[in-house]
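The values are calculated or read from the model by the stated rules, or taken from the named source; none is laboratory data. The shown structure was predicted, so the numbers you read here are calculated from the model rather than taken from an experiment. Quick reminder, even Gly has a Cβ in these numbers, built from the backbone with ideal geometry, and neighbours come from all protein chains shown. Side chains included, ligands, DNA and RNA excluded: accessible areas come from the protein's heavy atoms. Shrake-Rupley method; radii C 1.70, N 1.55, O 1.52, S 1.80 Å.
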Amino acid sequence: MFSFNNPVEIKFGEGIFTRLNEFVEDFGFERIVVAASGSQVKNGVVELIESLLGSKVCEVVTGIEANPTLANVESIASAMYEHDAHAVIATGGGSVMDAAKAAAASYMQGIGAGELFGHTDFTEALPIIAIPSTSGSASEVTPTSVISDKENGLKVPLAGKGLYPKLAVVDPELTFTCPPNVTAVSGIDVICHALDCLGSVKSNPISDALAVRAAGLAFRNLETAFLEPENREARRNMSLGSMLAGVAFSQTGTTASHAMSYYLTSHFNIPHGEACAFSLEEWFVINAEADPRLNQHAKDIGFEDAGDLARGFNELKGKVRLRLTLKELGIDREAVEDIAEETLKQANMKNNIAQLGKYEIVQLLERKEG
C-alpha cells in the first residue's frame, strides 16, 4: 500500500521562463516580492523578470547566503508585509528557494522567523513561484526548506505541505551560466536525492521509478555539464534529473547521507551537495545489504550492483573535482564521534532502511579518513 501526491504545477523546457507573465496572469497575482540570488541579478534574470512583470514586482530581495539564515528569511518576510504581497517569486539555487519558502510560511502564519524552528505546522504559506537556476536542490518541487542558525551552529529542515511551491518554472537555459564548481556541487546532489530516496523506508514504486531515472540522467550527464557548460543536452538532462529526483524525494524524504551532511555543513562549511555526497556511496551499499532490491535499482541505473555503483559514484566525484575523504575536507579524526552523534539526532536518519548505531557510523567515517 502506498500513496503519492505532489501538488506543484511544473512548466519545463528551454525558453519557458520567458512566458512567466502568462503564468502569473493565470494565477491573478498583482503584488509580488522577488527573492533572488546575486548571480541572477548579475546575469540579468531579475531585470528580465521586472521587464516581464512590470509593476507587479514590488520589491527584489537579494543577499541570501549559501546556507540561508533566519535573517535572510526575515528580510523576505518583511518585504511581504510591506507590500501586502500576493506571491513570492524565488529565482536562484536551493538557498534562495528555501529562504523564500520559509518566509512565505512565516508571513502567512503570522509568526516571526525566530519562531520557525519550534513551529511544526507548515500547512499554509504565501503562494510561491520557484525558478531554479541550478540543477540539484529540487526545492522547486518539494515541501521542505533547510534554514541555518549561525549563532548556534544549526541547520534545521522545515517540512509541510504549505511549503510546496504553487508553480515551478524549470528552464535549463538558466543553468548555462553556472560555473563548473556550482555545476558539480549542485549536480552531485541530484544523485544524492535519488539514492537517498531509494534507501528510504517510505519509498514506493513511483518514487523508485523517478529516482532511478533521475540518477541515470545525472550519472550520464554531470561530467559533460561540468566540462562543457553550454552543452544543451547535458544541461537539459541535468535539469530534468534534478526535478524528477525532487518529485521522488518529496514523497520519501531524504535519508542518511543528508542526515550526516548537516553537521558537515554547519561546522566545517562543506557545501551541501558535497557534504551529502561525502558518505552517500557508503550508505547505499549498507542499505543494499539490508534490502537487496537496491542492487536491482543499481542495475537499472546502469551498474552491476550496489558496490559497482559506489565505485562509479566515487569516480564521478573525482572527475568533477569533489573531495572524497575527511583528510581532503580538512576534518580531523577527533571530529568523527561528534559527526556520528549529530547524524543520529537528525529526523531524516529515521527514514533510512539500515539503522546503524554510533559505533557503526564511526566505522563508516573511519573508512573515509584518507
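Worth pointing out:
- For region 301-314, the criterion of being more than 19 Å from the chain's Cα centre (by Cα), under 25 Å from Val146 (Cα atoms) and open to solvent by 10 Å² or more (accessible area, probe 1.4 Å) is met by no residue.
- Only one of Lys319, Lys345, Lys368 that is without any contact (Cβ under 8 Å) to a residue 60 or more places away in the chain and not β-branched (Val, Ile, Thr): Lys345
- Counting only strands (runs of 3 or more DSSP E) that sit wholly inside region 1-115, those with at least 2 residues that are at pLDDT 95 or above, within 27 Å of Val156 (Cα to Cα) and under 19 Å from the mean Cα position of the chain (by Cα) are 9-12, 32-36, 87-92.
- All of (1) over 25 Å from Asp308 (Cβ atoms); (2) open to solvent by less than 10 Å² (accessible area, probe 1.4 Å); (3) of a type in the set (Ser, Thr, Tyr) hold for Ser266 with one exception: (2).
- Considered as a group, the residues in region 269-297 that are among the β-branched types (Val, Ile, Thr) and in a helix (DSSP H, G or I) include one that is least open to solvent (accessible area, probe 1.4 Å), and that residue is Ile286.
- Matching residues in region 178-197 - criterion: being out of contact with any helix residue (DSSP H, G or I) (no Cβ under 6 Å at 6 or more places or on another chain) and surrounded by 24 or more Cβ atoms within 10 Å (Cβ to Cβ): Cys178
- Boolean, Ser203 is open to solvent by 10 Å² or more (accessible area, probe 1.4 Å) and of a type in the set (Gly, Ala, Ser): yes
- Residues that are of a type outside the set (A, V, I, L, M) and under 25 Å from Gln296 (Cβ atoms) number at least 2 in none of the strands (runs of 3 or more DSSP E) confined to region 135-252.
- Flag for Phe313 being touching a residue at least 40 places away in the same chain (Cβ under 8 Å), touching a Leu at 6+ places or on another chain (Cβ under 7 Å) and either among the hydroxyl-bearing types (Ser, Thr, Tyr) or closer than 30 Å to Thr224 by Cβ (or both): yes
- Taken over region 125-159, the criterion of being on the phi > 0 side of the Ramachandran plot and surrounded by fewer than 24 Cβ atoms within 10 Å (Cβ to Cβ) is satisfied by Gly153 alone.
- Counted residues, region 160-172 - those being in contact (Cβ under 8 Å) with a residue 60 or more places away in the chain and open to solvent by less than 20 Å² (accessible area, probe 1.4 Å): 8
- Taking every residue in region 3-21 that is under 15 Å from Pro172 (Cβ atoms) and pairing it with any residue that is among the charged types (D, E, K, R) and assigned to a helix (DSSP H, G or I), at least 6 positions away or on another chain, the pairs with Cβ-Cβ distances below 6 Å are Glu14/Glu173.
- If the condition is being open to solvent by less than 10 Å² (accessible area, probe 1.4 Å) and not polar (S, T, N, Q), then region 18-44 contributes Leu20, Phe23, Val24, Ile32, Val33, Val34, Ala35, Ala36.
- Taken over region 147-199, residues that are farther than 27 Å from Thr123 by Cα and among the basic types (Lys, Arg) amount to 0.
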